[in-house]
Amino acid sequence: MPRFDYIDDSKKTPQIAAMIESTKKTGAPDPRVVSIMTRSEVGKAWVDWWNKALYGGVLPHKLKEMCRIRISVAHQWGYCSTVRSNVAKAEGLTEDMVDDLLGSYQTSKSLTTREKAALHYADLFKRGEHAIDKDEVYDELKKHFSEEEIIELVMLCTDGVGKLVKSFNVLSGDDACALNPVTGSVVEVRPAFARKGERKREEGF
């Protein structure tokens, strides 16, 4: 059960109603999260910022959605891993690709070199500032991305929304980890990396 109430219908301005309806179409962020965040002026600003970070800019949305899903693993929270952007799916993101990005993505044949480079940076970012405060990290990124694109990638990794949503308890841990993102139904599943026979990764990937 969520630790915060959803916004009351009587408090929904046209702007807030539009924000919630928009997320129902895009699939990310979860409309339930937006229905909590829009109770606050700062929360509304965050929703607007997050939509711009995830859907705007110059980086392909599919690539950013892949990084968001990968980062969610570091929070050890199935909920964020099961949320899917309908826009990214329309751009070609499949559940097989998600299995790859949650596993040994560096050897995946379905992911591009740029996608692998972005996922690697997301891994490093979640390990801490010691892992990314190095010239070689950004020199490697510059082989694949413009500086404008790198700024976008960094901002996406910085958001930290997964930890926030986990603390809101929008879904119980059991329901979150058992949610099938393809059908939206709760089923008995194991994490993608377990299905591929991998060992559980250390905390922070």
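The values are calculated or read from the model by the stated rules, or taken from the named source; none is laboratory data. Predicted model only: the values in this text are computed from it and were never measured. Cβ: placed from backbone, ideal geometry, glycine included. Neighbour counts: every protein chain shown.
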message: It is to be established whether one or more residues within segment 83-91 are among the aliphatic types (A, V, I, L, M), in a helix (DSSP H, G or I), more than 30 Å from Phe4 (Cα to Cα) and modelled with pLDDT under 85.
response: yes
message: Condition first: among the aromatic types (Phe, Trp, Tyr), under 22 Å from Asp123 (Cβ atoms) and in contact with a Gly (Cβ under 9 Å, 6 or more places away or on another chain). Can you find one or more residues in segment 47-54 that meet it?
response: no
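Going through Lys126, Lys163 one at a time, which residue ends up being modelled with pLDDT under 95, basic (Lys, Arg) and crowded, with 17+ Cβ neighbours inside 10 Å?
On the way: Lys163 fails: crowded, with 17+ Cβ neighbours inside 10 Å.
Unique residue meeting the criteria: Lys126.
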Unmet requirement for Gly57, which otherwise passes all of (1) touching a Phe, Trp or Tyr at 6+ places or on another chain (Cβ under 6 Å); (2) of a type outside the set (A, V, I, L, M, F, W, C); (3) not in a helix (DSSP H, G or I): (1)
Tally, over segment 23-72, of residues that are over 15 Å from Met155 (Cβ atoms), among the charged types (D, E, K, R) and out of contact with any Pro (no Cβ under 6 Å at 6 or more places or on another chain): 8
field: Residue tally, condition over 16 Å from Glu65 (Cα atoms), touching a Lys or Arg at 6+ places or on another chain (Cβ under 9 Å) and not in a helix (DSSP H, G or I), over segment 21-49
entry: 2
task: Pairs only if they're at least six apart or on different chains, beta carbon under 8 angstrom, first in segment 26-41 and within 20 Å of Gly56 (Cα to Cα), second of a type in the set (Gly, Ala, Ser) and assigned to a loop (DSSP other than H, G, I, E, B); list them, first residue then second.
output: Thr26/Ser85; Gly27/Ser85; Ala28/Ser85
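Within segment 112-123, track down each residue that is farther than 16 Å from Ile71 by Cβ and either in contact with a helix residue (DSSP H, G or I) (Cβ under 9 Å, 6 or more places away or on another chain) or surrounded by 18 or more Cβ atoms within 10 Å (Cβ to Cβ) (or both). Talk me through it step by step, then tell me what you get.
First, pick out the residues of segment 112-123 that are farther than 16 Å from Ile71 by Cβ: 112-114.
If the condition is that a residue be farther than 16 Å from Ile71 by Cβ and either in contact with a helix residue (DSSP H, G or I) (Cβ under 9 Å, 6 or more places away or on another chain) or surrounded by 18 or more Cβ atoms within 10 Å (Cβ to Cβ) (or both), then Thr112, Arg114 are the ones that fit.
Going through segment 95-132 one residue at a time, which ones are of a type in the set (A, V, I, L, M) and part of a helix (DSSP H, G or I)?
Met97, Val98, Leu101, Leu102, Ala117, Ala118, Leu119, Ala122, Leu124, Ala131, Ile132
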